[in-house]
Amino acid sequence: MKISLDYVVFYLVFLVSKVNSITDIDVPSFQNVLESVKSSNNDLKVNLRCYEQLVYLADHPEDALKMADAWSKVHSGLLVASSIDLGDWDECMSIDINQENGFKLLGKHCVGGLILLINETLLAQSICIPNECTAEDLINLTSIPTFYDDKCSLNTDNTTLDKGAIISLLIFCSIGHLILLSTIYDVYLYLKNSKPYHSILVAFSLYTNGKKLFKTTKHAHQQILCFHGIKGISMMWIIAGHGAVGLTELPLFNVAMGKNWMYYGYSHYITSAHLAVDSFFFISGFLLAYSYFKGQYKKSVLGQISSVPHMILHRYLRLTPALLMLFLYVAFLSRYVGEGPVFNYNLKSLNIPCHKYWWSLFLYVQNYYNREELCMTQLWYVSADMQLYLIAPLILIPIAVIYKKSPKIAFISMLVLDALFVAAAIYVKLQFKDYDPNLDEYDTHSRLGDYFIGFTFGIFVRHNRQNFKKLPERLNFMIWCVVLVIMYLCVYLYHMSFRSTHYNDRAIGFCLTRTFWCICLCWLVFSCLNGQGGIINWILSNGFMQVLGKLTYCLYLVHGSVMVPYYLSVRGLTYLSDYNAFYLWCGHFLTSLLVGTLWSLSFESPMITLEKIIFSNKML
C-alpha cells in the first residue's frame, strides 16, 4: 500500500514549521508515517534493510526525533535568502546506532532531498534518513521525487584510505623524512662549524633553504627588487578575487547581494584582480629577456638553438615538482581534510578533471585541451606561462641576432610585434566568439601582448641600465601622477568591461586595459630602478615583500586548495558583506602564506638545488 497522502501533507507541515528544535514527537504526521511503514509489511517496494531501519524508528521515537530534527525547516527571510537549506548535518551524522544483534543504523544526510514549492519559490530542503534507504526507496514510499544518491553523505565516508591516498602519503612521508634527516645533519654541521661533504646532503634542509628564503638585501645590482613587491601584491589581489568569488557561491542570507555584488561600482577592486595575473605575465617575459641578453645572446645562432632544450628542461624542472605534490594532495588526499553537507559531492566534481586529464596538467596544455574541465582552475596560468616560455625562443633568437647588429632595430622590431600581438588578440576574440563566449580567457594567445611587452622592456633595461639618467623631480612627479591615474582607470575600466553585456565591448575592453596596465608597469619598474620610485619603491622592495615575492609561485599553487575546504565545509547560510570578505581574505592569505612557505621549503627549494647540482656536473 502507499502511504496516505494526508500523512505526507502532515509531514511536510511538520518540516516547514518554523522551529529550531522539537521537544515532543507527538506530531501525528511524523509518527503516523513511520507507523504506516511498519504496518505495511514492506509492500511499499523499499529494500529490506531500509524497511527494517524504518520499523526501528517507528519503535524508537527518541531516535526518530533526532533524525527528524536534522531535517531542514523553512527559515525566516524566505524572500531574500538562498533557496537551499542544508539542515543540521552534524546532528544527522551523530546518529550511530549499533545493537548486539547486529542491527546498525546511521544517519544519511542528503542535500536538496526534498523540493517544496511555496509562493512560486522552489525550496531545496535537506533531509536526514536511514543509511540503507535510497532515493528510489523514498520515491516508492511517498510517490514524491526526492534526491540524488550522490548528494548524500555518511559519517563513514572518507574514513578509509584508498591506494592512491596511501601511495601519496608514502611519498609525502618519504620527503618528510629526507627533510628531517637533512635538517638534522645541517644543524649538526652548523654547531660543529663544518661544511657538508656534498651539497646534495643539505638540499632538503629547512635550515639552509630557510636562510635562502628569508635572506633580504637593500641593494642588488642584478636583481629587480621592485618585482618582489609587484608579485607579492598581485598574489594578495588574486587571493582576494578568488576568495570573493567563493563567498558569493555560498548559501546566503542576502542572496541578492551575492548575485549583484560583483557588479557594484565599488567592487572593481575584486573583478579587476585579473590584472594581477597580467602582472605575472609581464614579469615572466621581462625576466626571460633580461637574463638572456646578459650574455646568452652572444652565442652563435646554432649555439643559441642548441641551448633551447636545456632552457625548456630547466623551466619544466622548476615548475613541476611543487605542482606534482599539489596534484597528489588534491587528487588523493584532499577529501580527508574536510567534511560537511556539500563537501564530498562538490569536491568530487572539482577533482574529476584531475583524474581524467592529469596528463594535460603535466604537459601544460590543459588550458586548451580541457579548458572547460580544468584541474584546479587557477592552474590555467601555469600552463599558459609554460607555453609562452616554449614559444619565446622563436622570437628570442631572431631578435638576439638583430640585436647584435643593431639594438635599435631589435627594439623597434619588438615594439611592432607587441602591437601586432595586442591587435591579434582582439581580432581572434572578435572573429571566434564561440571559442570563449564567457571570456574566461584561459587561453595563452590572449596574453601574448602582456608577455612580450615585458620581454621588450627587459631588453631595454638590459641595454640601458648602466646609462639611466635621473629625470627632473617635477617631471618625474608628473609622470607618476599620470601613470597612477591610468592604472586606476585600467582597474575601473576593466570592471566596466566586466559589467558590460556586449561581447565586443568586453573583449576589446579586457585586451586594451591589460595592455595599458603592462605599459604602466614599465614606468613603475624604470622609475624604481632609476632611484626615483620614492615610497612606492620602498614598499615594493622592503624585506617582507622580498620574502613574499620568492613565495608567490607556491602561494599561487596552494591558495585554491586552502580555500576549498573552508567553502565546502559550510553548514548553513552565510551573510555576505565587504567586512566579511575582508575578514576571510585575511584568513585565506595568512593560511596560504603558511602552507606556501612549507611547500616552498619542502618541494620547490630542494628541487632547485638538485637541478643546479645535476646540471653543473657536481654529481660527476
Subject >> Largest-first principal axis extents of the Cα set of segment 404-444 (Å) >> reply: 44, 17, 9
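Counting alpha carbon pairs within less than 8 Å and at least 6 residues apart, what relative contact order, in whole percent, applies to the chain? Each step should come with its number before you reach the end.
Numbers: 824 pairs, mean separation 116.7, N = 620.
Relative contact order of the chain: 19 percent.
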Subject >> P(r), alpha carbons of the chain - 10 Å bins starting at zero, rounded % >> reply: 3, 13, 21, 21, 17, 12, 8, 4, 1, 0
Original post:
Quick one: if you stick a label point 7 Å off each Cα along the C-beta vector at V308 and C481, how many nm between them?
Top reply: 4.9 nm
Original post:
Between segment 536-550 and segment 215-291, how many Å separate their Cα centres?
Top reply: 15 Å
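Per residue, how big is the convex hull of segment 520-613 when only Cα atoms are used? Give it in Å³. Spell out each step's value before the answer.
Numbers: hull volume 14.4 nm³, N = 94.
So the per-residue Cα hull volume is 153 Å³.
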Subject >> Geometric extent, Cα atoms of segment 353-430 - Rg, Dmax (angstrom) >> reply: 16.7, 51
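Between the DSSP loop rule and a limit of at most 16 other Cβ atoms within 10 Å, which chymotrypsin sites (Phe, Trp or Tyr not before Pro) in segment 517-600 are left?
On the way: sites: W517, W523, F526, W538, F544, Y553, Y556, Y566, Y567, Y575, Y579, F582, Y583, W585, F589, W599; in loops: Y575.
Filter output for segment 517-600: Y575.
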Original post:
What are the lysines whose alpha-carbon lies under 17 Å from the alpha-carbon of K405, with same-chain residues fewer than 8 places away excluded?
Top reply: K294, K298, K299
Subject >> Where labels lie 7 Å past Cα in the beta-carbon direction, separation of K612 and R49 in nm >> reply: 5.8 nm
**OP:** First obtain the Kirkwood hydrodynamic radius of segment 364-482 from its Cα pairs, then insert it into the Stokes-Einstein equation at 4 °C and 1.567 mPa s, and state the resulting D in µm² per second as a whole number.
**Re:** 77 µm²/s
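Among all helices in the chain defined by DSSP H, which have a length of 27 Å or more along the axis from Cα atoms plus a Kyte-Doolittle mean of at least 0.5?
Details: long enough: 163-192 (43 Å, 1.42); 226-248 (34 Å, 1.04); 274-292 (28 Å, 1.20); 301-328 (40 Å, 1.07); 380-405 (38 Å, 1.15); 407-431 (35 Å, 1.57); 473-499 (39 Å, 1.20); 503-529 (39 Å, 1.09); 543-568 (35 Å, 0.95); 578-599 (30 Å, 0.70).
Helices meeting the criterion: 163-192, 226-248, 274-292, 301-328, 380-405, 407-431, 473-499, 503-529, 543-568, 578-599.
Would you kindly state the longest site-free stretch of the chain, with sites defined as GluC sites (Glu not before Pro) in a DSSP loop (not H, G, I, E, B) surrounded by at most 16 other Cβ atoms within 10 Å?
On the way: sites that count: E100, E120, E249, E372, E373.
Within the chain, the longest run free of exposed GluC sites (Glu not before Pro) spans 374-620.
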Original post:
Sequence-distant or interchain residues sharing an amide H contact under 5 Å with I115, placed H: which?
Top reply: Q125
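What's the long-distance tail for segment 256-331, i.e. % of Cα pairs beyond 20 Å?
Details: 1752 of 2850 pairs.
Of the Cα pairs, 61 percent sit more than 20 Å apart.
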**OP:** Take the cross-link list K163/K348; K195/K612; K231/K259 and give me the ones stretching past 28 Å between alpha-carbons.
**Re:** K231/K259
**OP:** Report the Cys residues of the chain lacking a disulfide-compatible partner, meaning no second Cys Cβ under 4.7 Å from their Cβ.
**Re:** C173, C481, C490, C511, C518, C520, C522, C554, C586
**OP:** Would you mind computing, in nm to one decimal, how far apart the modelled labels at I412 and S76 are, each placed 7 Å from Cα along Cα→Cβ?
**Re:** 7.4 nm
Subject >> Amide hydrogen neighbours beyond the local backbone of L252, cut-off 5 Å, H modeled >> reply: S82, T574
Original post:
Looking at the chain, which longest stretch skips every one of the trypsin sites (Lys or Arg not before Pro) that is in a DSSP loop with at most 13 other Cβ atoms within 10 Å, leaving the sites themselves out?
Top reply: 46-214
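Laboratory data are not the source of any read-out in this text; all were calculated from the coordinates shown. As the structure is a computational prediction, the values presented were derived from the model and not from experiment. Neighbour counts run over all protein chains shown; Cβ positions are idealised from the backbone, glycine included.
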